[in-house]
1. Quick check: anything in segment 212-231 of a type in the set (D, E, K, R), at pLDDT 95 or above and within 12 Å of the ligand (Cβ to nearest atom)?
2. Do we have Ala109 as at pLDDT below 95 and of a type in the set (A, V, I, L, M) here?
3. Being touching a residue at least 12 places away in the same chain (Cβ under 8 Å) and away from the ligand (no atom under 16 Å from the Cβ) narrows it down to one of Ala126, Ala79, Ala105, so name that one.
4. Quick check on my filter: what residues within segment 138-190 are within 20 Å of Pro72 (Cβ to Cβ) and of a type in the set (Val, Ile, Thr)?
5. Which residue is surrounded by the most Cβ atoms within 10 Å (Cβ to Cβ), if the candidates are limited to segment 188-202 and must be touching a residue at least 40 places away in the same chain (Cβ under 8 Å) and within 11 Å of the ligand (Cβ to nearest atom)?
6. Please specify each residue of segment 174-228 satisfying the condition of being within 20 Å of Arg155 (Cα to Cα), assigned to a loop (DSSP other than H, G, I, E, B) and out of contact with any helix residue (DSSP H, G or I) (no Cβ under 8 Å at 6 or more places or on another chain).
7. In segment 128-180, which residues are of a type in the set (Lys, Arg) and within 23 Å of Phe2 (Cβ to Cβ)?
8. Give me the pairs, please: first residue somewhere in segment 206-222 and touching a residue at least 60 places away in the same chain (Cβ under 8 Å), second residue anywhere and in a loop (DSSP other than H, G, I, E, B) and within 6 Å of the ligand (Cβ to nearest atom), beta-carbon distance under 7 Å, and either six or more positions apart or on two chains.
Amino acid sequence: LFIDQPLADGMELRIEGGQAHYLLSVMRVKIGAVVKLFDDRTGEWLGEVAAAAKRDLIVRIVARLREREGVPDLWLCAAPIKRGRIDWVAEKASELGVARLVPVATRRAVVDKLNYDRLRAHMIEAAEQCERTALPELAELVPLDALLRDWPAERALFFADEEGGTPMLEALRDRTGPAAILIGPEGGFDPAEREAIRACPAAVAVSLGPRILRAETAALAAVSIWMAAAGD
Ligand code: SAM
């Protein structure tokens, strides 16, 4: 269970709302039951249900189980795509251990607003289900030109380009260190955007194969390839 405050030994927490409903009505926990909690800061903790009412319960922290895990230094910069599909990207980014999800505004995007609470809820749910102790940081929507203008030189920017590039595995061979993957929207990047990305000194155009993938599939494939190559 994700708790949005730093946890510590002996702390007593009141659990309410959806989390209380999940514990009381779905998991049917009773006094004395143990639950695992994490806070994305201090790690994973064991809690014991000290009191349970109809709509809330008190959980006392009794022991730390794990330190917060280290996550690979990989950002996923992705144009917002239609609802459901961007939620899926957020979920997979969380499962795969991406450090930062950066939504990028592009010209052909069909979506220009994001529901950050919903995206974060998807990340949290995925982390809970997959026993993660860390969440990706969710950045504000940034226009592509601002992203490129302020790009940190030391971070390789793997630009997933369906029109051709170095096969991603090959591109990763001699590149270690901080990295990011850039994925376009449903309609791809327009020609001027592609040119601007390629002109960014840190950019490396990469191919994920000869077939055009949906944006969310490309994001998942690129992150998986990077993780596999980095051994992270
Ligand atoms: N129209 C489909 C959709 O709605 O998702 C396909 C969109 S594809 C143009 C979206 C993005 O996925 C591209 O901008 C690119 O970043 C990435 N992409 C898709 N296939 C790829 C491939 N074979 N190699 C590299 N990147 C790819």
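The values are calculated or read from the model by the stated rules, or taken from the named source; none is laboratory data. Since this is a predicted model, take the numbers as computed values, not measurements. Note: ideal-geometry Cβ built from the backbone for every residue, glycine included; neighbour counts use all protein chains shown.
1. Filtering segment 212-231 down to residues of a type in the set (D, E, K, R) leaves 214, 216.
The next check asks that each one be at pLDDT 95 or above; those that pass are 214, 216.
From what's left, within 12 Å of the ligand (Cβ to nearest atom): 214, 216.
Taking every residue of segment 212-231 in turn, at least one turns out to be of a type in the set (D, E, K, R), at pLDDT 95 or above and within 12 Å of the ligand (Cβ to nearest atom).
2. Details: at pLDDT below 95: yes; of a type in the set (A, V, I, L, M): yes.
Judged against the criteria, Ala109 is a match.
3. Numbers: Ala79 fails: away from the ligand (no atom under 16 Å from the Cβ); Ala105 fails: away from the ligand (no atom under 16 Å from the Cβ).
Selected residue: Ala126, the only one of Ala126, Ala79, Ala105 that is touching a residue at least 12 places away in the same chain (Cβ under 8 Å) and away from the ligand (no atom under 16 Å from the Cβ).
4. Thr176, Ile181, Ile183
5. Filtering segment 188-202 for residues that are touching a residue at least 40 places away in the same chain (Cβ under 8 Å) and within 11 Å of the ligand (Cβ to nearest atom), the one surrounded by the most Cβ atoms within 10 Å (Cβ to Cβ) comes out as Phe189.
6. Asp174, Arg175, Gly177, Pro178, Pro201, Ala202
7. Our first condition is that a residue be of a type in the set (Lys, Arg); within segment 128-180, this holds for 132, 149, 155, 173, 175.
Within segment 128-180, Arg132 is the sole residue that qualifies.
8. These pairs meet every condition: Ala215/Gly184; Ala215/Glu186; Ala222/Leu208.
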